[in-house]
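S.K.: Would you mind keeping the following structure in view while I ask a few things?
The values are calculated or read from the model by the stated rules, or taken from the named source; none is laboratory data. Since the structure is predicted, the reported quantities are computational estimates derived from the model, not experimental observations. So basically every Cβ, Gly included, is an ideal-geometry build from the backbone, and we count neighbours across all protein chains shown. Please note that ligands, DNA and RNA were not included when accessible areas were found on the heavy atoms of the full protein model with its side chains. Shrake-Rupley method; radii C 1.70, N 1.55, O 1.52, S 1.80 Å.
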Amino acid sequence: MNEQDYVKGMLTRTCLYFSEADADRVRNATMAIAGMGGVGAVTVELLARWGVKKFRLLDMDKYEPTNLNRQLFATSKTLDRPKVEVAAERIKEINPYAEVEKIVVEMVNNDNARAFVEGADIVIQNADRPSAKLLYLAARDCKLPLVNGHATITGGRVQAFDYRT
């Protein structure tokens, strides 16, 4: 099946609620996603199912047994594998036409934060380390919107920062 037919089929029901123009706007955005844990994996899964074309992924961790009870991509087959590599494979399983243009298998730091977000359209920050603040600073410097999401034992929280203005 060609890409146009594949994506049209994928988004048939989505476009009952969103215009085709809005769906295309999301699909054509480059998503820089940091943190592939409980929230990040769900984020990646949903964006792949939206037909998003370009992803950048950052996470330093590998899947371990303690992830099995709460992280979407954690399975007996993914244990000991880098989370970003598993996420990249999952994206391609859902949408073979998607591109994972950058994979960073390390903690966000002063050397990689700006390079990771520069040229993206949105930064989605799910990492749970204090160094993730560097992504906020890089998004601000590059004038990009940033969404932060995390889960707690009693619920979750989403924050949005529009650094474009």
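S.K.: Fully extended, how many nm does the chain gain between ASP111 and ARG70 (0.36 nm per residue separation, minus their Cα-Cα distance)?
M.R.: Value of the extension gain: 11.7 nm.
S.K.: Per residue, how much accessible surface does the chain expose to a 1.4 Å probe? Answer in Å², no decimals.
M.R.: Using a 1.4 Å probe on heavy atoms only, each residue of the chain averages 57 Å².
S.K.: Please turn the phi angles of the stretch 142-157 into ³J(HN,Hα) values with the Karplus equation 6.51 cos²θ - 1.76 cosθ + 1.60 (θ = phi - 60°), one per residue in order, whole Hz, x for glycine and proline.
M.R.: Result, ordered by residue: 8, 6, 10, x, 10, 10, 10, x, 8, 10, 10, 5, 10, x, x, 8 Hz.
S.K.: Sticking with this one: Quick one: Debye curve from the C-alpha atoms of the stretch 80-152, no solvent, what's log10 I(q)/I(0) at q = 0.15, 0.16, 0.20 Å⁻¹?
M.R.: Evaluating at q = 0.15, 0.16, 0.20 Å⁻¹ gives log10 I(q)/I(0) of -0.56, -0.64, -0.97.
S.K.: For a test of understanding, tell me how many lysine pairs in the chain have Cα atoms under 16 Å apart, given they are 8 or more places apart or on different chains.
M.R.: Count of close lysine pairs: 11.
S.K.: Further, regarding this structure: If you wrap a convex hull around the Cα atoms of the stretch 26-165, how much volume per residue is inside, in Å³?
M.R.: Here the figure is 100 Å³ per residue.
S.K.: How far is it, in nm, from the label point at LEU16 to the one at ILE153 when both lie 7 Å from their Cα along the line to the Cβ?
M.R.: That separation, rounded to one decimal, is 4.0 nm.
S.K.: How high is the FRET efficiency between LYS8 and GLU101 when r is their beta carbon distance and R₀ equals 25 Å, given to the nearest 0.05?
M.R.: 0.60
S.K.: With a sphere of radius 11 Å drawn around the Cβ of ARG90, what net charge do the other residues whose Cβ falls strictly inside it have (Lys, Arg +1; Asp, Glu -1)?
M.R.: Its environment carries a net charge of -1.
S.K.: Then there's this: Towards the positive end of the charge dipole of the chain, with charges on Cβ (+1 Lys, Arg; -1 Asp, Glu), say which of ASN2, SER131, ASN95 has the farthest Cα.
M.R.: SER131
S.K.: In addition: Given R₀ = 22 Å, what would the calculated FRET efficiency be for THR165 paired with ASP121, taking r from the Cβ atoms and rounding to 0.05?
M.R.: It comes to 0.90.
S.K.: Can you pull a Stokes-Einstein diffusion coefficient for the stretch 36-98 at 10 °C (1.306 mPa s), Rh from Kirkwood over Cα pairs, as a whole number of µm²/s?
M.R.: 137
S.K.: Can you give the local net charge around GLY40? Use residues other than it whose beta-carbon is closer than 13 angstrom to its beta-carbon, Lys and Arg +1, Asp and Glu -1.
M.R.: Taking every other residue near GLY40 into account, the sum is +1.
S.K.: Same structure, new question: Find the relative contact order for the stretch 48-165 and round it to a whole percent, using C-alpha pairs within less than 8 Å whose residues are 6+ positions apart.
M.R.: Answer for the stretch 48-165 is 22 percent.
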